[in-house]
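Worksheet: the structure to be examined is printed underneath.
The values are calculated or read from the model by the stated rules, or taken from the named source; none is laboratory data. What you see is a predicted model, and the numbers here were worked out from it, not measured in a lab. Here the Cβ is made from the backbone with ideal geometry for all residues, glycine too, and neighbour counts use every protein chain on show. These area figures cover heavy atoms from the full protein model, side chains too; ligands, DNA and RNA do not enter into them. Shrake-Rupley method; radii C 1.70, N 1.55, O 1.52, S 1.80 Å.
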Amino acid sequence: MVSDARQSTRLAGLPAAPGVAVAPAWRYVDDAARPHGPSMEPSGDPRTALEESGREAARQLDVLAERLREAGRADEAEILGAQALMATDQTLIGAAVDRVRAGQDLGAAIVAAAAASAETIAAVDDPLLAARAADVRDVGARIARILSGSELDLPSVPSIVVASDLPPSVTAEVPKGRLVGIALEGGSPTAHAAILARGLGIPAVVGVAGLIGALEHELAAGGAPFEVALDGDRGEVVLRPGADVRVELATRVAAALIRRNRAAPLRGRPGATADGEPVALLANIGTPDEADRALASGAEGVGLFRTEFLFMGRHAAPSEEAQVEAYRTVFEVFGSERRVVVRLADIGGDKAIPYLDLPAEANPFLGVRAIRIARRSPELLLTQLRAISRAGALAGVQPHVMAPMIATHEDVALFLALRDEAQASLAAESLPHAPRLVCGIMIEVPSAVFLARELAREVEFFSIGTNDLTQYLFAADRTNPELTRYHDALHPAVLRAIAEIVAAAHASAIPVAVCGELAGDPAGALVLVGLGVDELSADAGSLDDVRFALAGATRSELDELARSGLAAGDAATVRRLAGEVCERALARAAVTEAPG
Ligand code: PEP
Ligand code: MG
């Protein structure tokens, strides 16, 4: 969290739906989290009261579903329709009645019964079903509201909702036009709220660590109401934005519009420099349902599928079958002509998975993370490798797999041994699987930079994770906002490491990609291509800009830029130099690529 002198509070999260908005904050508190007051006459029959309220909840949900259907939002309507059925479910009502008989208040009983049912659902080995857990909790909260006669506190003006999570039934109740952005502390890009935001065309940022705490702090310090600014392209939330933030956002919106218009004609073309040297532009995705958007952005494939999102927000690891479906979906979207690089789950660091029972660590980023987990629980990655291979066979594609956090030869050996074991077990079971998995590694730990020449002989491609490489080179926790001065991957120290990795890869004739955030920054991308990187993989929303900048830059300009970057003394100098080359490249592309 960064608070500046004008008391804006900036928080980073995951971009979940594009666009920018500034509007008053609407704090939505999940009713399940509220204390529940007395909700019935002590003499009343609990079953009757619960059944009546359940029926009323079902009626409300049906009305909302119908409203959504009429608005053409069939997917959400279906969710609410399913919730209407849950509201009158006798097992749920029965469980709540038992709790009332054990002494609980009606409202608290239905909320607790729904929570228990949600727990069971969340433990099921199916990511889609697991997502329904939140829907059951929401039904419990709605019935509790009806029992206590309270109403949902809806916004009266167009607002940005700030919440831990946002159930679809709540968004459906907000009158049209009153919801202009979504900021969530929880959630993931697959959460309903994110899908809904994309459907409504409003920006959303999810997974914003510390959001609710910061909001409470703002409310306590400055009182309500106050505004929130949201940048769904970058994944940024600003509480109480000052004039400077508003101007910055307005400028970003205008610039993005201009860029989008001028870069659109290039979208169907593969990435290349002005002199025609190809630079493959691929997309980073976190969930299967991002694949369509990535393909539509002109991605030549997926350079990084961050699979750990499939393992998060659950009570047990997804089954092999569920994973096969997830990978197959992405493989099928991209087909056999466009490669998809699946990264083995990068668990640990700031991505904790409760069901793995990993012990608390003093320094999680330096702990049992990613490939290191395979020494403790090899079956986790073994299952994943089997699922990738099976999905490849079903989709008729050649899967590419990469291991994160490789630090030593032994790590590579472990990865390749797991691959062999996965393939051998599938063959022994006569399960259809890909004949071969193309295996690469992420270079993001400094030791791997110094070992890169040897490691390049053991694998088929490198992908540089500039986010972690920067964190580990500077020994600066990437999540600590007090250390942002150490987080610029354009620092010459990082560039020199990249130059060494590229030389090592090319000495063994293997390709080298960059999939860290730097690849999606047009100026950064130019430096990377200047350093000899073959491929860039970035968020789908960045690809237009990167493609356009590349189209206006020549190889000799990029070589020169890389030379000056490597010789510079600090990141600010490289940023300035790269910014100048980028501006020139964009201007040139605008002339040469102008329609007509
Ligand atoms: C990186 O470290 O640059 C990277 C792409 O991986 P992640 O951000 O998922 O750690
Ligand atoms: Mg990384």
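Tabulated data
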{"read-out": "Accessible surface, per residue, of the chain when the full set of protein chains is kept, probe 1.4 Å, Å²", "value": "41 Å²"}
{"read-out": "Rg/Rg_globular for the stretch 205-316, with Rg_globular taken as 2.2 N^0.38 Å and Rg from C-alpha atoms", "value": "1.44"}
{"read-out": "Value of relative contact order over the stretch 275-392, rounded to a whole percent, pairs C-alpha under 8 Å and six or more apart", "value": "27 percent"}
{"read-out": "Nitroxide proxy distance, nm - points 7 Å out along Cα→Cβ at Thr120 and Ala264", "value": "5.1 nm"}
{"read-out": "Prolate/oblate/rounded call for the stretch 456-587, Cα gyration tensor, a/c under 1.5 rounded", "value": "rounded"}
{"read-out": "Over the chain, relative contact order from alpha-carbon pairs under 8 Å, at least 6 apart, %", "value": "13 percent"}
{"read-out": "Leading residue at positive end of dipole, the chain (Cβ point charges), from Gly210, Gly552, Ala141", "value": "Gly552"}
{"read-out": "The chain - mean residue ellipticity at 222 nm from DSSP helices (-39,500 (n - 2.57) per run, n ≥ 4, rounded to 500)", "value": "-15000 deg cm²/dmol"}
{"read-out": "Per-selection metrics, the stretch 248-405 (Cα): Rg and Dmax in Å", "value": "18.3, 53"}
{"read-out": "Antiparallel bridges, percent of DSSP beta bridges restricted to the stretch 144-261 (to nearest 5)", "value": "35 percent"}
{"read-out": "Separation of the Glu248 and Arg457 label points, Cα + 7 Å toward Cβ, nm", "value": "4.9 nm"}
{"read-out": "Simple label model, 7 Å out from Cα along Cβ direction - Arg376 to Leu154, nm", "value": "4.7 nm"}
{"read-out": "For the chain, the spread of Cα positions along each principal axis, largest first, Å", "value": "84, 64, 51"}
{"read-out": "Overall form of the stretch 222-270 per C-alpha gyration tensor (a/c, 1.5; a/b vs b/c)", "value": "prolate"}
{"read-out": "Of all DSSP beta bridges in the chain, antiparallel share, percent nearest 5", "value": "35 percent"}
{"read-out": "Tensor-based shape of the stretch 49-149 (alpha-carbon gyration tensor, a/c under 1.5 rounded, otherwise prolate or oblate)", "value": "oblate"}
{"read-out": "Rule-of-thumb Rg ratio for the stretch 415-517 [Cα; 2.2 N^0.38 Å; N residues]", "value": "1.31"}
{"read-out": "Of the DSSP H helices in the chain, those whose Cα atoms cover at least 27 Å axially and whose Kyte score averages -1.0 or more", "value": "46-70, 243-263, 409-428, 571-592"}
{"read-out": "Two-site FRET efficiency, Arg496 against Arg178, from Cβ-Cβ distance with R₀ of 41 Å, rounded to 0.05", "value": "0.20"}
{"read-out": "Cα-centred dipole magnitude for the chain, charges only on beta-carbon of K, R (+1) and D, E (-1), debye, nearest 20", "value": "880 debye"}
{"read-out": "Heavy atoms of Asp521: accessible area, 1.4 Å probe, square angstrom to 10", "value": "40 Å²"}
{"read-out": "Whole-number percent relative contact order across the stretch 421-579, with pairs defined as alpha carbons under 8 Å at least 6 apart", "value": "21 percent"}
{"read-out": "Estimated FRET transfer efficiency when R0 is 56 angstrom, pair Thr91-Leu483 (beta carbons, to 0.05)", "value": "0.65"}
{"read-out": "Accessible-area ranking of Ser542, Ser169, largest first, probe 1.4 Å", "value": "Ser542, Ser169"}
